[in-house]
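Here is the structure we will look at, set down as structure tokens.
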Amino acid sequence: MRLILKSLVALSLLTAEAQAEPVDLELVFAADGSGSIDNDELRLQRQGWADALTSPDVLTGIKDGPVGAIAVAFMEWGGPGSQVVIVDWHVIRDEASARVFAEKLLSAPRGATGYNSISNAIDFSMRLVEGNAHEGTRRVIDVSGDGPNMNGRSLEQVRAEALAKDFTINALAIRRPGSGRPGGPGGVTLEDYYAQNVIGGPGSFVEIADETQPFALAARRKLLTEIAGTGGATRHASR
């Protein structure tokens, strides 16, 4: 009986692997939904990603991939115990599928609470990818936020775990207009903090959204780079 059970388990695992849908990229949007983000800023982020995913140049980039499809999920994070899936895994291969995702994203209620656990957001995003039904050639966690990590697991440890599993972590630093804050601890800029402590993996980079580059433009530039997989060496994205 035990041998039969083991055989059934092995068969189910092989079947699950065989049924995994191939895509060019598995991408988690890990967006800041913490207490520092008001409802207007939350809407701005969601609208920016929705517009980016449905833009003609991004859709062309997706179609130009070997498979011609990417799998995306959108989660928002707050404190250590608050990671909320806003839109679960969805395959985008054309304008129609992109608009379905965008509509779900824009209509979903707010869920995350608390303050700035980027580390737990990355940990949650890894598990979200590992539990999906897709098989991509690249796996990317896309962190966007307006402040540093404050709580939760060790960011250094979680980042190391992600890199050991061949994830790439990219970041979008949201520099709030008129805030006058450096963003990171010790007076460093937020993009420098993200570059030093958050991003990692092949082609990882930091994009910036501020007064000179609106969030929607930064999101589209970032997404185009991630879809193309042409980030090169770890870097800051130029404005």
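The values are calculated or read from the model by the stated rules, or taken from the named source; none is laboratory data. Every value quoted in this text rests on a predicted model; they were computed, and no experiment measured them. Positions of Cβ are generated from backbone atoms using ideal geometry, with glycine treated the same way; all protein chains shown enter the neighbour counts. Keep in mind that these areas ignore ligands, DNA and RNA; they rest on the heavy atoms of the full protein, side chains included. Shrake-Rupley method; radii C 1.70, N 1.55, O 1.52, S 1.80 Å.
Observations, loosely collected:
- Rounded to 5, the percent of DSSP beta bridges in the chain classed as antiparallel: 25
- Global form of segment 35-138, assessed from the alpha-carbon gyration tensor, a/c cut-off 1.5: oblate
- Using the empirical formula 2.2 N^0.38 Å as the baseline, the Cα radius of gyration of the chain reaches a ratio of 1.02.
- 222 nm mean residue ellipticity, helices alone, for the chain (DSSP H n ≥ 4; -39,500 (n - 2.57); rounded to 500): -13000 deg cm²/dmol
- Calculated from backbone phi, Karplus (6.51, -1.76, 1.60) coupling profile of segment 21-36 in Hz, x at Gly/Pro: 7, x, 9, 7, 8, 9, 10, 9, 7, 10, 9, 5, x, 6, x, 7
- Lysine pairs in the chain whose alpha-carbon atoms fall under 25 angstrom of each other, counting only those eight or more residues apart or on distinct chains, come to 4.
- Rg to Rh, two decimals, where segment 88-161 supplies the alpha carbon set and Rh follows Kirkwood: 1.01
- Backbone phi angles across segment 97-106, fed through the Karplus curve with coefficients 6.51, -1.76 and 1.60 (θ = phi - 60°), yield HN-Hα couplings of 5, 5, 5, 4, 4, 4, 5, 5, 5, 6 Hz in residue order; Gly and Pro are listed as x.
- Where labels lie 7 Å past Cα in the beta-carbon direction, separation of Arg110 and Asp88 in nm: 2.5
- Between Ser125, Ser97, Pro66, the Cα set farthest toward the positive side of the dipole of the chain (charges on each charged residue's Cβ, about the Cα centre) is that of Ser125.
- Gyration tensor (alpha-carbon) shape descriptor, segment 92-132, a/c threshold 1.5: oblate
- Degrees, to the nearest 10: 2-19 long Cα axis against longest axis of the chain: 50
- For segment 11-93, the square roots of the Cα gyration tensor eigenvalues, ordered a ≥ b ≥ c, give a/c of at least 1.5 with a/b no greater than b/c, which places it in the oblate category.
- Loop-resident sites, segment 181-219, for GluC sites (Glu not before Pro), counting at most 10 other Cβ within 10 Å (DSSP): Glu211
- Residues of segment 52-115: accessible area per residue with a 1.4 Å probe, Å²: 42
- Under-5 Å amide H pairs with Glu207, H placed in peptide plane, nonlocal only: Ala171, Leu172, Ala173, Ala237
- Computed on the chain, with alpha-carbon pairs under 8 angstrom and 6+ residues apart, the relative contact order is 22 percent.
- The accessible surface of the chain, taken with every protein chain in place and a 1.4 Å probe, is 55 percent carbon and sulfur.
- Other residues whose C-beta falls under 10 angstrom from the C-beta of Gly136 contribute a net charge of -2, scoring Lys and Arg +1 and Asp and Glu -1.
- Under the Karplus curve 6.51 cos²θ - 1.76 cosθ + 1.60, θ = phi - 60°, whole-Hz ³J(HN,Hα) for segment 109-123, x wherever Gly or Pro sits: x, 5, x, 6, 9, x, 10, 6, 10, 5, 4, 5, 5, 5, 4
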